[in-house]
1. In this structure, is L69 under 25 Å from I9 (Cβ atoms) and free of Cβ contacts under 8 Å to residues at least 24 places away in the same chain?
2. Tell me which residues, restricted to region 25-37, are in contact (Cβ under 8 Å) with a residue 12 or more places away in the chain and not charged (D, E, K, R).
3. Could you list all residues from region 1-56 that are surrounded by 10 or more Cβ atoms within 10 Å (Cβ to Cβ) and among the small types (G, A, S)?
4. Take region 36-76 and flag every residue that is out of contact with any strand residue (DSSP E or B) (no Cβ under 9 Å at 6 or more places or on another chain), under 19 Å from S24 (Cβ atoms) and in a helix (DSSP H, G or I).
Amino acid sequence: MKGLARPRIEVLDKDEFTEIHQASLRVLSRVGVKIDNPEALKILANVGAEVDYERKIAKISEHIVEEALKRKRSTVSVYSSLIRI
């Protein structure tokens, strides 16, 4: 609805956010993430991720993540089955 103020929630300070982001990048690049969708694995491989198709694991480099974040939407709407936040 237009005209209503939307609450802005900040639960982490900048340093905490950066620490979590850096740890997440390490996990994505070293351990990887299991992805059961073969098409998603192909897409990640095409952008440079290290993909193990047998184990369905994609190791995603910091560069890939940072490029994806540059293309993200600036806002995200969060919904609940009970209320709209």
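Each value in this text was obtained by applying a stated rule to the coordinates, not by laboratory testing. All values derive from a computational prediction rather than experimental measurement. Backbone-built Cβ (ideal geometry, glycine too); neighbour counts: all protein chains shown.
1. Details: under 25 Å from I9 (Cβ atoms): yes; free of Cβ contacts under 8 Å to residues at least 24 places away in the same chain: yes.
Here the answer is yes, as L69 does meet what is asked.
2. To start, the set of residues in region 25-37 that are in contact (Cβ under 8 Å) with a residue 12 or more places away in the chain comprises 25, 28-36.
The answer is L25, L28, S29, V31, G32, V33, I35.
3. A23, S24, S29, G32, A40, A45, G48, A49
4. Once the filter is applied, which keeps residues that are out of contact with any strand residue (DSSP E or B) (no Cβ under 9 Å at 6 or more places or on another chain), under 19 Å from S24 (Cβ atoms) and in a helix (DSSP H, G or I), region 36-76 yields E62, H63, I64, V65, E66, E67, A68, L69, K70.
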